[in-house]
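The values are calculated or read from the model by the stated rules, or taken from the named source; none is laboratory data. Because the structure is a prediction, the values reported are computed rather than measured. Counting neighbours? That spans all protein chains shown, and the Cβs are built from the backbone with ideal geometry, glycine included.
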Amino acid sequence: MPTPLPETVTADSVLRTDYQRSVAEYWNAHQQDPVNLRLGEVDGLYHHHYGIGAYDPSVLEGPEDTRDRRVIEELHRLETAQADALLSHLGRILPGHRVLDAGSGRGGTSFMAHARFGCEVDGVTISEYQVGFAREQAVRRGVADKVRFHFRNMLDTGFATGSRRAIWTDESTMYVDLSELYAEFSRLLEHGGRYVCITGCSNDVTGMRSKAVSRIDEHYTCNIHPRSEYFRTLTAHGLVPLQVVDLTAATLPYWELRARSSVATGIEDAFLTAYRENSFHYLLIAADRI
Ligand code: GPP
Ligand code: MG
């Protein structure tokens, strides 16, 4: 049985602005998109992020009756590889540690973190639908006591100060003000704790938001931040970057394959254009709380 929501948590206390309500509405409504469900059904890990790494070109060839399934499996493999790369930057996480998945979606990365480190994971999302879905997955996996999902706002999680060894955001920072977010993460992380972010960000060198980046914002109801804002805001909150990995080249194959798949949603061309014209980067940033 999914854990019931604490009675004090109401939509009014979690969703503070009209914008947050519209974002929650978007994620509550986009539950049936095959691009996420069909990929998740491959092995029960449901992701809400993109993929990295080269795809096996043979999936686009061979027997037609199995081609669609093979493409879906390959897209899913690349998305799982992205989450693996994120977890590889969290540092040494022990079973006694507590970590936070901020913008946890259907829980895919949280389950991978628990499976890999044995640690306790809390996931927060402002989509009540996603909380329910992820909790059911936790029960199904027999890890509901270790991997918990909460209908909470990542800008104000309510978790104890200094309680987290690590925190990550996997494509969720474009929905929030970075200053508010990193103030909260700075509070939650213990000294020496690690924050890892994977995000798409606009390129300050090419100037303001390009048309392709604006199309992505419009599609997902988000506000992609410029690259500079990440580094300025992290350091302002005592989060000191240790590693920065430009994943742009590594994510292009995912978008090329997705564009040719049966689960394309129509946003593929905007990502391909933005990355190829250099107005957008796909970055991983690992920072330590000092
Ligand atoms: C991934 O979710 C997309 C986001 C979290 C928002 C935008 C991200 C950027 C890097 C700009 P998803 O897996 O639900 O998207 P889709 O349904 O398109 O696969
Ligand atoms: Mg997806």
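Checked against the criteria, L189 does not count as within 16 Å of ligand 2 (Cβ to nearest atom) and either modelled with pLDDT of 95 or more or under 30 Å from G158 (Cβ atoms) (or both).
Tell me yes or no: at least one residue of segment 131-142 is in a loop (DSSP other than H, G, I, E, B), surrounded by 18 or more Cβ atoms within 10 Å (Cβ to Cβ) and touching a Gly at 6+ places or on another chain (Cβ under 7 Å).
no
Of all residues in segment 61-114, exactly one satisfies the criterion of being more than 15 Å from the chain's Cα centre (by Cα) and under 23 Å from C222 (Cβ atoms), namely L75. Only one entry in V263, V196 is of a type outside the set (F, W, Y) and surrounded by fewer than 18 Cβ atoms within 10 Å (Cβ to Cβ), namely V263. Among all residues of segment 12-23, there is at least one that is in contact (Cβ under 8 Å) with a residue 60 or more places away in the chain, outside any loop (DSSP other than H, G, I, E, B), more than 23 Å from Y282 (Cβ to Cβ) and not small (G, A, S).
For segment 44-71, a residue qualifies if it is in contact with a Leu (Cβ under 6 Å, 6 or more places away or on another chain) and under 30 Å from V139 (Cα atoms), and the qualifying residues are G51, I52. Selection over segment 72-91 of residues that are within 16 Å of ligand 1 (Cβ to nearest atom), farther than 20 Å from T248 by Cα and surrounded by fewer than 19 Cβ atoms within 10 Å (Cβ to Cβ) gives a count of 1.
Every residue, every condition in (1) within 16 Å of ligand 1 (Cβ to nearest atom); (2) assigned to a helix (DSSP H, G or I); (3) at pLDDT 95 or above; (4) buried (at least 24 other Cβ atoms within 10 Å of the Cβ), yes or no:
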{"position": "G51", "(1), (2), (3), (4)": "yes, no, yes, yes"}
{"position": "V59", "(1), (2), (3), (4)": "no, yes, yes, no"}
{"position": "R70", "(1), (2), (3), (4)": "no, yes, yes, no"}
{"position": "I93", "(1), (2), (3), (4)": "no, no, yes, no"}
{"position": "G96", "(1), (2), (3), (4)": "no, no, yes, no"}
{"position": "S110", "(1), (2), (3), (4)": "yes, yes, yes, yes"}
{"position": "A113", "(1), (2), (3), (4)": "no, yes, yes, yes"}
{"position": "R116", "(1), (2), (3), (4)": "no, yes, yes, no"}
{"position": "Y129", "(1), (2), (3), (4)": "yes, yes, yes, no"}
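The helices (runs of 4 or more DSSP H) found entirely in segment 184-290 that carry 2 or more residues being closer than 19 Å to A81 by Cβ and in contact with a strand residue (DSSP E or B) (Cβ under 8 Å, 6 or more places away or on another chain) are 248-259, 268-276.
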